[in-house]
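The values are calculated or read from the model by the stated rules, or taken from the named source; none is laboratory data. Not measured: the values here are computed from a predicted model. No Cβ is skipped: glycine too gets one built from the backbone with ideal geometry, and neighbour counts run over all protein chains shown. Heads up: the accessible areas ignore ligands, DNA and RNA and are worked out on the full protein's heavy atoms, side chains in. Shrake-Rupley method; radii C 1.70, N 1.55, O 1.52, S 1.80 Å.
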Amino acid sequence: MKKKTMAAVFASLMALTSITPALACTGTIVGSDWTKDGSTIVARTEDISANHAKNFIVHPRTTYKAGEMFKDVTTGFTYPQPSTAYQYSSVPDTDIQADGYYGEIGFNEYGVSVDATVSASANDKAQAADPYVEDGLREADMVDVILPRVKSAREGVNLVAEILAEKGAAEGNVFTISDKDEVWYIEIYTGHRFAAYKVPDNVVAVFPNCFMLGYVDLNNAESYVASKDLIQFAKDNGFYQEYNGKFHAALSYSEPISGGNRDRVWAGQNFLGHAVDYDAPVFDLFFTPDDAADKISVKDVMELQRYRNEGTEKTPEKDSSVRTIGTERSAEAHIVQFKDEYPKELGGLLWMTMGNPEHAVYLPSYGNINDTADAYKVEAIDYNADSAYWKFRSLSTLAELDRDKNGANVRAYWSDYEDKLIADQEATDAEVVALMEQNESKAAAYTTELAETIANDAMSKADLMFSELMGYIAKGNFDEAFVPSISVTAEETAETAEAAETPAETTPAAETATEAAAE
């Protein structure tokens, strides 16, 4: 089938699977006290459209001349380029001319990560008092403005404060700036008012498209960076609100919580072990699981980002108005892990899916990579079989047409694939940390090759399942659910391995790590 014809087919199919509201991302933070492996987790889904191609690229260290400027082609926002821009990765829109870069997530060479953003809006009174600035800082700019310029998360927060004071904000946003030492949660409320909070290790958060930060202590410079008049400004303009006798930033500045935001806070907190009533008048941003032993794994967060409220009365099948965290409109989803053993320059571990994670796979890459797999760099706004985004998005599209018949075994295969990658990760981490101690450049070359090997292997599996699933659908015999030819049961895997007197199938991560150890 010609690519143009295939593109038209997918445009129609994705219209069928894209039934939830757009522009509605969900963020997650899990402090190290609450993770099973002691890592810190920062995660987010980018929910904008099922037909929104993304790339994954690395921007090399660059030298600029005096007077050169970063420019937002849509709004006209400008900011001076640094004399030396640090190397960084990002996940930009393929069609950057449509509305800007939207780099979303990335690491720079100093181990700083920006995760931008969860869109939100201030209430009418707050906006009237301090309107958004048309050519101010916005989501589309953040990764590409912050990461080339800072060496720590706190430097990033201070940079944002400087930009907002000088240029203002074009929109409300919630985002994070992190490194292995600190995670900063930031809310930009109005044109010039914001608050940032250094997240402690002993809390968990799930945040949809609304402001949720409560009390802001303007006298605690260690934990807060905020507009100096944040509280007084709210008082002076008639929108100051308290909760439990103290100033509450979100109640003061935010719009009332919508049904879709309530849906996701309720679902996310309950999924991560904190029972909360759907009709709670105020949701705390930070919470702890009810059971002290109920620690959270990276796989749990993967499943949270796929969660469609299964097992509850609030599923899309029972109520089409429900907004779930897992949605067909995810352009990509990601999870960052920071681990104590990682050198700062390594950054963290990025787990990322292209398209809806429900029927795609989270693939790991370290923050120090200096390139990505070729398919991640294919600029294809419309369907293109060579593009990583379209490989995973096209498979997901077919799977979502019938979750039971088409999708169940696709999801099961990817889940097993992820489990193997996660199981290999401890050994891979040890290998990478040892290489970092010996030679950082060689370590970067190794992690780059490793990430590309894993990605290419997963994409070959996606291509195969897509081809087989397309054939399954074309035949129209749906008595049995689709089963990919590469799916085997654990029992079959063991029998095959025993017969061959070789270990069961390993992931590309394990193979590459073994080769590196041998060298």
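Out of the range 368-393, which residues are open to solvent by less than 10 Å² (accessible area, probe 1.4 Å), under 18 Å from Gly111 (Cβ atoms) and not β-branched (Val, Ile, Thr)?
Answer for the range 368-393, where residues must be open to solvent by less than 10 Å² (accessible area, probe 1.4 Å), under 18 Å from Gly111 (Cβ atoms) and not β-branched (Val, Ile, Thr): there is none.
Looking at Ala451, is it of a type outside the set (Val, Ile, Thr) and at pLDDT below 95?
Values: of a type outside the set (Val, Ile, Thr): yes; at pLDDT below 95: no.
No; evaluated as a whole, the condition is false for this residue.
Can you find a residue in the range 85-96 that is open to solvent by 40 Å² or more (accessible area, probe 1.4 Å) and in contact with a strand residue (DSSP E or B) (Cβ under 7 Å, 6 or more places away or on another chain)?
At the first step, the residues of the range 85-96 found to be open to solvent by 40 Å² or more (accessible area, probe 1.4 Å) are 87, 95-96.
Pick out the ones that are also in contact with a strand residue (DSSP E or B) (Cβ under 7 Å, 6 or more places away or on another chain) and you get 87.
Yes: the range 85-96 contains one or more residues that are open to solvent by 40 Å² or more (accessible area, probe 1.4 Å) and in contact with a strand residue (DSSP E or B) (Cβ under 7 Å, 6 or more places away or on another chain).
Scan the range 439-489 for residues that are within 18 Å of Tyr88 (Cα to Cα), more than 22 Å from the chain's Cα centre (by Cα) and surrounded by fewer than 20 Cβ atoms within 10 Å (Cβ to Cβ) and jot them down.
Glu440, Ser441, Lys442, Ala445, Glu449
Being in a loop (DSSP other than H, G, I, E, B) and either without any contact (Cβ under 8 Å) to a residue 60 or more places away in the chain or β-branched (Val, Ile, Thr) (or both) is the filter here; which residues of the range 363-403 pass it? It would help to see each step written out before you state the result.
We begin by selecting, within the range 363-403, every residue in a loop (DSSP other than H, G, I, E, B); these are 367-373, 378-387, 402.
Hits for the range 363-403 are Ile369, Thr372, Val378, Ile381, Asp386.
I want to confirm something. Restricting to the range 244-282 and keeping residues that are hydroxyl-bearing (Ser, Thr, Tyr) and in a helix (DSSP H, G or I), which single residue is surrounded by the fewest Cβ atoms within 10 Å (Cβ to Cβ)? First the steps, then the outcome.
Filtering the range 244-282 down to residues hydroxyl-bearing (Ser, Thr, Tyr) leaves 252-254, 258, 278.
When the remaining residues are screened for being in a helix (DSSP H, G or I), the result is 252-253.
Working: Ser252: 26, Tyr253: 32.
Looking at the filtered set, the residue picked out is Ser252.
Across the range 220-243, which residue is farthest from Asp124 (Cα to Cα) among those that are part of a helix (DSSP H, G or I) and open to solvent by 50 Å² or more (accessible area, probe 1.4 Å)? Please lay out each step first, then the result.
The first filter runs over the range 220-243 and keeps only residues part of a helix (DSSP H, G or I), leaving 230-236.
Right, trim to open to solvent by 50 Å² or more (accessible area, probe 1.4 Å) and you get 232, 235-236.
Values: Gln232: 17, Lys235: 15, Asp236: 15 Å.
Among residues in the range 220-243 that are part of a helix (DSSP H, G or I) and open to solvent by 50 Å² or more (accessible area, probe 1.4 Å), the one farthest from Asp124 (Cα to Cα) is Gln232.
Looking for whichever is modelled with pLDDT of 60 or more and closer than 30 Å to Lys36 by Cα here; the options are Ala509, Ala490, Ala474, Ala434. Which one fits?
Values: Ala509 fails: modelled with pLDDT of 60 or more; Ala490 fails: modelled with pLDDT of 60 or more; Ala474 fails: closer than 30 Å to Lys36 by Cα.
Going through Ala509, Ala490, Ala474, Ala434 in turn, just one is modelled with pLDDT of 60 or more and closer than 30 Å to Lys36 by Cα: Ala434.
Go through Phe247, Phe233, Phe271 for me and flag whichever is farther than 30 Å from Glu155 by Cβ and of a type in the set (Phe, Trp, Tyr).
Numbers: Phe247 fails: farther than 30 Å from Glu155 by Cβ; Phe233 fails: farther than 30 Å from Glu155 by Cβ.
Only one candidate passes the filter, namely Phe271.
Conditions (1) touching a residue at least 60 places away in the same chain (Cβ under 8 Å); (2) under 17 Å from Val216 (Cα atoms), marked per residue:
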site	(1), (2)
Leu159	no, no
Lys167	yes, no
Ala170	yes, no
Thr176	yes, yes
Phe194	no, yes
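Please count how many residues of the range 293-344 are in a strand (DSSP E or B) and among the polar types (S, T, N, Q).
First pass over the range 293-344, keeping only residues in a strand (DSSP E or B): 296, 330-338.
Cutting the leftovers down to among the polar types (S, T, N, Q) gives us 330, 337.
The total comes to 2.
Considering only strands (runs of 3 or more DSSP E) fully contained in the range 51-138, which possess at least 3 residues that are small (Gly, Ala, Ser)? Spell out how you get there, then give the answer.
Values: elements: 57-59, 69-71, 78-80, 88-90, 105-107, 113-119.
In the range 51-138, 113-119 are the strands (runs of 3 or more DSSP E) which contain 3 or more residues that are small (Gly, Ala, Ser).
Hey, any hits in the range 48-66 for a residue that's of a type in the set (Ser, Thr, Tyr) and surrounded by 18 or more Cβ atoms within 10 Å (Cβ to Cβ)?
So the first thing to find is which residues in the range 48-66 are of a type in the set (Ser, Thr, Tyr), and the list is 49, 62-64.
Filter once more, keeping what is surrounded by 18 or more Cβ atoms within 10 Å (Cβ to Cβ): none.
The answer is no, given that none of the residues of the range 48-66 is of a type in the set (Ser, Thr, Tyr) and surrounded by 18 or more Cβ atoms within 10 Å (Cβ to Cβ).
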